[in-house]
Amino acid sequence: MLKLGVLISGRGSNMAAIADNIESGQLLAKIEVVISNIEGAGGIELAKNRGLNTQVIPHNDYPSRDEFETALVSALQHYDLDLIVLAGFMRVIGPNLLAPYKGKIINMHPSILPAFNGLNAQKQALEYGCKVAGCTVHFVDEELDTGPIIGQATVRVKETDTQDSLSARILLEEHRLFSDAIQMIADGRVSVSGRRVHIRKEI
Ligand code: GAR
């Protein structure tokens, strides 16, 4: 059973979708802890209501990214985690977090990477005039949103779309894609060579 540490900054719908899929038996994993860098993040309440372990480590309490990440790692190391899941965790990942969990951190980003990395990806896609948008689940490396891609899902951009309507449709895909990726990792079907992630077929 893959043991997950989930990092969030906001409402936590991706975390909740993962927890739902675990509860329904669709995803064979366990959320050991949910940690937020934001006090009052909605996702922490959601996680508490489900009886999950939660912790808040505000990044603002630390003078530097390195010190924040050192605190984060020491919290994570209370648990014997197999995978760190960035589910709307709105911090750039530095070496102090990356080093102890190299190859074991995955992130969901609401665009078809490498297009539109960084903030407000859905807005960027809409303003660019894309006809297709979507989301990417990828391993985390030293740069922003650049790590090897595990999976992507697309949605059509409609004439009538606003940032909210497009984001909502992408979010539904995120919820499915995240659990699928975690299950494939849990099943030992995922390997990385260079930039390419290979997914072994289900037997
Ligand atoms: C999601 O759309 C996720 O892809 C995005 O933040 C949202 C979090 O929603 N993440 C990023 O933009 C990371 N660069 P949630 O809190 O409801 O899961």
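The values are calculated or read from the model by the stated rules, or taken from the named source; none is laboratory data. Worth saying up front: this structure is predicted, and the values here are computed from it rather than measured. Don't worry about glycine lacking a Cβ; one is built from the backbone with ideal geometry, like all the others, and counts go over all protein chains shown.
Structural remarks
- Selection of first residues in the range 83-112 that are in contact (Cβ under 8 Å) with a residue 60 or more places away in the chain and of second residues that are in a loop (DSSP other than H, G, I, E, B) and of a type in the set (Lys, Arg), restricted to Cβ pairs under 8 Å at least 6 apart or on distinct chains, gives the following pairs, ordered by first then second residue: LEU83/LYS104; ILE84/LYS104; GLY88/ARG11.
Table: residues versus (1) near the ligand (Cβ under 9 Å from one of its atoms); (2) in contact with a Ser or Thr (Cβ under 8 Å, 6 or more places away or on another chain); (3) under 16 Å from ILE106 (Cβ atoms).
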position: GLN26; (1), (2), (3): no, yes, no
position: VAL34; (1), (2), (3): no, yes, yes
position: ILE38; (1), (2), (3): no, yes, no
position: ALA47; (1), (2), (3): no, yes, no
position: GLY51; (1), (2), (3): no, no, no
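Quick grid of which residues meet (1) within 17 Å of ASN14 (Cβ to Cβ); (2) out of contact with any Lys or Arg (no Cβ under 7 Å at 6 or more places or on another chain); (3) surrounded by fewer than 17 Cβ atoms within 10 Å (Cβ to Cβ):
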residue: GLY129; (1), (2), (3): no, yes, yes
residue: CYS135; (1), (2), (3): yes, yes, no
residue: GLY151; (1), (2), (3): yes, yes, no
residue: VAL155; (1), (2), (3): yes, no, no
residue: HIS175; (1), (2), (3): yes, yes, no
residue: PHE178; (1), (2), (3): yes, yes, no
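- For the range 7-38, a tally of residues being hydroxyl-bearing (Ser, Thr, Tyr), over 22 Å from ARG169 (Cα atoms) and either out of contact with any strand residue (DSSP E or B) (no Cβ under 9 Å at 6 or more places or on another chain) or surrounded by fewer than 20 Cβ atoms within 10 Å (Cβ to Cβ) (or both) returns 1.
- Subset of the range 67-91 [within 15 Å of the ligand (Cβ to nearest atom) and farther than 17 Å from VAL33 by Cα]: MET90, ARG91
- Some residue of the range 92-114 being over 16 Å from ILE8 (Cβ atoms), within 13 Å of the ligand (Cβ to nearest atom), β-branched (Val, Ile, Thr) and surrounded by 18 or more Cβ atoms within 10 Å (Cβ to Cβ): yes
- Test for GLY151: is it in a loop (DSSP other than H, G, I, E, B) and at pLDDT 95 or above: no
- Scope the range 117-163; condition within 15 Å of the ligand (Cβ to nearest atom) and of a type in the set (Lys, Arg); matching residues: LYS123
- Entry remark, the range 73-85: residues being touching a strand residue (DSSP E or B) at 6+ places or on another chain (Cβ under 8 Å) and surrounded by fewer than 23 Cβ atoms within 10 Å (Cβ to Cβ) number 8 in total.
- Given (1) under 19 Å from PRO100 (Cα atoms); (2) within 16 Å of the ligand (Cβ to nearest atom); (3) polar (S, T, N, Q), number of the condition SER64 does not satisfy: (2)
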